[in-house]
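Structure, as structure tokens:
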Number of protein chains: 2
Amino acid sequence: MPPQSRRWFLGLSAAFGGALAACRSNQALPVEPRALGAPVGPYGSRSRFERAIRFFSRSAVPEETASKTPLRETCGIITPSSLHFERHHGGVPDLDPAAHRLTIHGLVDRPLVFTVDELKRLPSVSRILFLECSGNGNAEWKGGNEPDVQRTHGLTSCSEWTGVPLAMLLKECGVQRDASWILAEGADACKLARSIPLAKAMADVLVAYGQNGEALRPEQGYPLRLIVPGWEGNINVKWLRRVKLLDRPAMTREETSKYTDLLGDGTARQFTFDMEAKSVITHPSGGERLPSPGIYEVTGLAWSGRGAIARVEVSVDGGRTWTDAALQEPILPRAHTRFRSPWKWSGEEALLASRCTDDTGYRQPTRAELVAIRGVNSNYHNNAIQSWRVAADGAVTNGNA
Amino acid sequence: MPPQSRRWFLGLSAAFGGALAACRSNQALPVEPRALGAPVGPYGSRSRFERAIRFFSRSAVPEETASKTPLRETCGIITPSSLHFERHHGGVPDLDPAAHRLTIHGLVDRPLVFTVDELKRLPSVSRILFLECSGNGNAEWKGGNEPDVQRTHGLTSCSEWTGVPLAMLLKECGVQRDASWILAEGADACKLARSIPLAKAMADVLVAYGQNGEALRPEQGYPLRLIVPGWEGNINVKWLRRVKLLDRPAMTREETSKYTDLLGDGTARQFTFDMEAKSVITHPSGGERLPSPGIYEVTGLAWSGRGAIARVEVSVDGGRTWTDAALQEPILPRAHTRFRSPWKWSGEEALLASRCTDDTGYRQPTRAELVAIRGVNSNYHNNAIQSWRVAADGAVTNGNA
């Protein structure tokens, strides 16, 4: 508990406008079940009263689109696998793990083909890591078009991934001296492929088969995907079927015509791998209506592709003043970090924002700072501060506009 | 990666009996999808090829039984919510969160009734914590009756729980001087109820509404449950409807006729709250058949209700010699901790076992040590070392027999 919590508690009744202090214990208790409930079962599902879903636009080609995580409705740092964001370029293939293979070839001494069962038998690693599409927040470049945090920031999620270090597989194949990049290719209809520097592949990349304790979900690459900690989502190739060792990047469609950053001067920046430090308030956020003045817990998520979150600050006056938020343990490198900060809303208009600093010392920029360097042509890598406007009637809207 | 991994890698080809070195890259590649795959969707589900399920015996009263987590098929430390173990005494009620209330009353100055939405608005905490039924492993008291780790140890799971500190709610109600216990009661058909010392309630107990990023699952207490870190599962009351402040324990059925420990001399030990340090190898484990001699990663889980796991040792010779296993980060207090240890199986009979030590210095006992103190009448709190026997043909069976 942060040190504020004691003050907070003392204001709890006031925060609820007396509702809590109304001693409702004399009310009739709700009707309770008299009959036995449901029996145990083999594989559970959520309550029929729960409604949170991924958001996606109706599209002419629903196989080539994205769905976004409902960040306001989720809690903690783990994203439920059923609500993990999606971004597919050719739909979700229906792969039989017994038939699937991973081939490693190219500039190696011993090209190898692995079955899924062989990989699962190898020494494995589990890590809690965020995964963020580099297109997350792209509509915000031009300012405040999206109404809620699901649509502004819902292309990030965080899971416990389990897999085999790619370095172990590459060493087994015997990487040749002139190899300097790998090409990773998926088994989806579009054969999505990305180039990754060999140094990263040897450092911390996983060939993952597990997500939040069970097999990868189909839309997350079942049965095998790359996990490239801290790097843009697109490079974490799903349905992984092939790793080829090269002496240069392959210059695939996904790193030339797409996933480059068009700068203000019309040139394009290629290979922007790292997802820079970013944070967003998930509550209160766009689409909510605060029921009354009083005390609220401002909460949200922060993450950095370069390491651990060191600090999150919250502003309620549009960035004029900032207060340190409490960071929820565990604070893990390259994972979502939950922050919390109490706020007493007076009932006047307010502009909420968060900014984070990672353990490299890098601080999340304002949108103006980002635009000064990057222009407004970009689709990718928008990590600017997000604001939420609270009107006097409690309605919360996008404050970037 | 543990220091062993380099040695391990060098033996990888040997481990697979040459299979990996067979350069199968010249094989025909598997057929790949040519057509677009499935579109994005609102709420995902697992692959149709996945089969892991909770185990439960057919019972005359399936509402009053347990289902067990498939620990061999899960990975990492997070248990998928769909596979979290169950233990119900009156079935799973179907509760509408809009109608559900939590009442706090008894020895307080201001009895209060909370709606679920009111609780969610309060300052919250998220923690990754194990939950273990104190009956976990009960068949092993008499030695080796269960064939696999799901049946011996499947009444433990680990989730990220999110909720409101109970202490905050109790302070708001104004706990009276003579209060020393609370009674927590569920809204299930049997109104399961347990007494908890007030000191624990004020220390770290949560009124939880979230599990692994979304709402609690129905079978885990939706919409509200107690989370009592490190204490036996039964006391983490599900479908929480009432907390009453008392000056003595309530002596409910669940702490008198059940959930007491019958000792060797016929007396019963009451209120065994803490789950002591325990570990189990999940792979290789009962029911598996090792395909060939070679190198295996021995892996499993360790946890302690009293703190963090400090050490896990693995034996392959029935406890004569022990080797330190690598502990997977993050190592969190009162959470499952994943351990890994390489083992070169010669093809001769072996007896695998793990033992853990927590950060209080307590070490998991042998079954003989436990029986010497507790006798064999107990149903609860069996944290003895579990062995798995590997036969010369690779078949793995319960080594406790």
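The values are calculated or read from the model by the stated rules, or taken from the named source; none is laboratory data. These numbers come from a predicted model, not from an experiment. Positions of Cβ are backbone-derived with ideal geometry, glycine not excepted, and every protein chain shown enters the neighbour counts. Note: accessible area is taken over every heavy atom of the protein model, side chains too, but ligands, DNA and RNA are not part of it. Shrake-Rupley method; radii C 1.70, N 1.55, O 1.52, S 1.80 Å.
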Quick calc of log₁₀ I(q)/I(0), the range B:142-273, Debye, one scatterer on every Cα, no solvent, q values 0.12, 0.14, 0.16, 0.18 1/Å, result -0.52, -0.70, -0.88, -1.06
Report the relative contact order of chain B, percent, no decimals, based on alpha-carbon pairs under 8 angstrom and at least 6 residues apart. 17 percent
Please report Rg over Rh for the range B:192-251, where both radii come from the alpha carbon positions and Rh follows the Kirkwood definition. 0.96
On a 1.4 Å probe surface of the protein chains, which of B:TRP303, A:TRP181 comes out largest in accessible area, and what is the full order? A:TRP181, B:TRP303
In order over the range A:59-65: 3J(HN,Hα) from phi, Karplus 6.51/-1.76/1.60, θ = phi - 60°, whole Hz, x for each Gly or Pro, gives 9, 5, 10, x, 7, 10, 7
Per residue of B:190-197, what is the mean number of Cβ atoms on other protein chains within 10 angstrom of that residue's Cβ? 1
Leaving out ligands, DNA and RNA, and with a 1.4 Å probe, what % of the accessible surface on the range B:165-229 is carbon or sulfur? 55 percent
Kindly provide the Kirkwood hydrodynamic radius of the protein assembly as shown in Å, to one decimal, from all pairs of distinct alpha carbon atoms. 27.6 Å
For the axis mapping A onto B, the chain A residue whose beta carbon sits nearest, plus its rounded distance in angstrom, comes out as A:PRO330, 3
Going Cα to Cα from A:LYS142, which aspartates and glutamates come in below 16 Å? Please leave out same-chain ones fewer than 8 positions away. A:ASP261, A:GLU369
Net charge of Cβ neighbours under 12 Å - reference A:ASP324; Lys, Arg +1; Asp, Glu -1: +2
Anchor B:LYS191: lysines whose Cα lies under 19 Å away (excluding residues fewer than 8 positions away in-chain): B:LYS238, B:LYS244, B:LYS258
Around A:PRO147, what is the net charge, scoring Lys/Arg as +1 and Asp/Glu as -1 over all other residues with Cβ under 14 Å from its Cβ? +1
So with the 1.4 Å probe, I'd like the accessible area per residue for the range A:176-277, rounded to whole Å². 30 Å²
Can you give the percent of C-alpha pairs in the range A:241-400 whose distance is more than 24 Å? 45 percent
Apply the Karplus parameterisation 6.51 cos²θ - 1.76 cosθ + 1.60, with θ equal to phi minus 60°, to every residue of the range A:141-156 and state each ³J(HN,Hα) to the nearest whole Hz, in sequence, with x for glycine and proline. 4, 8, x, x, 7, 9, x, 8, 5, 5, 7, 7, 10, x, 9, 10
Interface size between chain B and chain A, please: total buried accessible area, 1.4 Å probe, rounded to the nearest 100 Å². 9700 Å²
Once amide H atoms are built 1.01 Å from N in the peptide plane, which residues 5 or more positions from A:ARG72, or in another chain, come under 5 Å H to H? A:GLN150
Length released on extending from A:ALA391 to A:LEU263, taking residue separation times 0.36 nm less the Cα-Cα span: 42.6 nm
Between B:GLY319 and the same site in the other copies, what are the distances in nm, shortest first, taking label points 7 Å from Cα along the C-beta direction? 6.5
Over the protein assembly as shown, what is the percentage of antiparallel beta bridges among all DSSP beta bridges, to the nearest 5? 95 percent
Per the Kirkwood formula over distinct C-alpha pairs, the hydrodynamic radius of the range A:55-162 in angstrom is 16.7 Å
Determine Rg/Rh for chain A; Rg is computed over alpha-carbon atoms and Rh is the Kirkwood hydrodynamic estimate from the same atoms. 1.01
Neighbourhood net charge (9 Å Cβ-Cβ; Lys/Arg +1, Asp/Glu -1) for B:LEU183: +2
If I model the range B:355-401 as equal point scatterers sitting on the Cα atoms and use the Debye formula, what is log10 I(q)/I(0) at q = 0.13, 0.14, 0.26, 0.28 Å⁻¹? -0.40, -0.46, -0.98, -1.04
Hits among lysines - C-alpha to C-alpha of A:LYS344 under 25 Å, sequence gap 8 or more where chains match: A:LYS278, B:LYS120, B:LYS171
Quick one, can you get me the convex hull of the C-alpha atoms of the range B:133-193 expressed as volume per residue in Å³? 161 Å³
In the range A:271-389, with Lys and Arg counted as +1 and Asp and Glu as -1 at Cβ, which of these residues, A:SER279, A:SER378, A:THR357, has the Cα nearest the positive end of the dipole, that is, farthest along it? A:SER378
Output the Cα-based Rg and Dmax of the range A:41-106 in Å, rounding Rg to one decimal and Dmax to a whole number. 16.1, 52
Exam field: A:ASP393 pseudo-label spacings to other copies (7 Å along Cα-Cβ), nanometres: 7.7
Which distances in nm, rounded to one decimal and ordered from shortest, link the label point of A:ARG48 to the equivalent label points in the other identical copies, with labels set 7 Å from Cα toward Cβ? 2.6
Residues of the range A:316-336 with backbone nitrogen within less than 19 Å of a virtual label 7 Å along the Cα-to-Cβ line of A:ALA368, please, listed as ranges. A:316-323
